[in-house]
């Protein structure tokens, strides 16, 4: 860290991953803030790989393997580049060309499984392909971003930064659920500062994670925030409320975030902005912090080029529901109250478990 003659504080990094991992905190309104990451999962992936190396579970030169079609693939490729590891990504045909070329130049090998009829079949096939690769190459380490809670580590510095800037006693965090580790790891670290920090999770319609698989979105299941297969890393009991947001509503939020604040972020950030505006209006006594996990480049054609079609956020409002049977497009919200999924849906929900795995502790 250096203080220049003109008073500007600068820092020197040894690797680009360290330079881009931290978020910029931006005030959008009197009680509305946004943590804008270039690629959020870099933070946890760097810590996860270093932890595996420190504990002798992997060695420099080993191959790290996982399934991803988005920002986790980029984060893992950067971590492998920094620590001298090999990287293999099993992705879908939806990996955009910009990301694919970057991964290849970083030294990662990327195989894209053939497109299948549904997202569930696509995700299941990628998991099957990972199993095939592990059987053929037993020395390969599967990172299991969906199931290994080592990915919860790494968010303590982000939580400490947030706690230094905002009053955690009146803080509500809003972010997309996805694999569970980003919002899960951050809220767990924040609750080390104060257990009362609230967490609102964002889900798409059609995702099994919080029980909306029976409601189809005529748009798409928004990449990175939901799933058609169970993820063990999602801890349902961390969330105080869940909002289900449609593609069209998320597009409205993403376009408005760029138009209103000049922030170019992904579709999940648009969903978060939509929910955050509502929360800030309803709860002026609380600070609302939105998580924007990536930039908007992958959504240029699907979202931003269609900006003229986007609805203004003030024309949208959530349908407040009490049971999952009441879920309805374009936007529904439920007080989750830190419950297990079975307690809300009234039926057992089976999640694949890894035998013998000890939980990683944050605080």
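Readers should treat all values here as calculations from the given coordinates under stated rules, not as data from a laboratory. Just so it is clear, the model here is predicted, and its values are computed rather than measured. With ideal geometry, Cβ positions are generated from the backbone for all residues, glycine too; neighbour counts draw on all protein chains shown.
Numbers for the structure displayed
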read-out	value
Exposure proxy ranking, count of Cβ atoms within 10 Å, fewest first, for 13, 205	13, 205
Cβ crowding within 10 Å averaged over residues, with 259-271, 225-237 ranked highest first	259-271, 225-237
Three-way shape call for the range 273-332 based on the alpha-carbon gyration tensor, with the a/c threshold at 1.5	oblate
Viscosity 0.692 mPa s, temperature 37 °C, Stokes-Einstein D of the range 132-254 from Kirkwood C-alpha radius, µm²/s	209 µm²/s
Packing-based order for 61-74, 303-316, 172-185, using average beta carbon neighbours within 10 Å, highest first	172-185, 61-74, 303-316
FRET efficiency for residue 320 and residue 115, using Cβ-Cβ distance with R0 set to 30 Å, rounded to 0.05	0.20
Value at 222 nm in deg cm²/dmol, rounded to 500, when DSSP H runs of n ≥ 4 in the chain each add -39,500 (n - 2.57)	-10000 deg cm²/dmol
DSSP bridge orientation in the range 42-148 - percent antiparallel, rounded to nearest 5	0 percent
Span from the the range 248-308 Cα centroid across to the the range 138-198 one, whole angstrom	20 Å
Bridge type composition, the chain - antiparallel percent by DSSP, nearest 5	30 percent
Cα gyration tensor category, rounded, prolate or oblate, for the range 94-197 with a/c compared to 1.5	prolate
Theoretical gain in end-to-end length, residue 342 to residue 134 [0.36 nm per residue, Cα-Cα removed]	71.6 nm
FRET E, pair residue 97, residue 307, Förster distance 25 Å, beta-carbon r, rounded to 0.05	0.70
Residue list for the range 232-274, given a label point 7 angstrom along the Cα-to-Cβ vector of residue 328 and an amide N cut-off under 11 Å	none
Orientation-averaged projected area, Cα convex hull of the range 42-148 (nm²)	6.4 nm²
FRET E, pair residue 16, residue 161, Förster distance 22 Å, beta-carbon r, rounded to 0.05	0.65
Gyration tensor (alpha-carbon) shape descriptor, the chain, a/c threshold 1.5	rounded
Segment residue 55-residue 297, length gained on full extension (0.36 nm per residue, minus Cα span)	83.5 nm
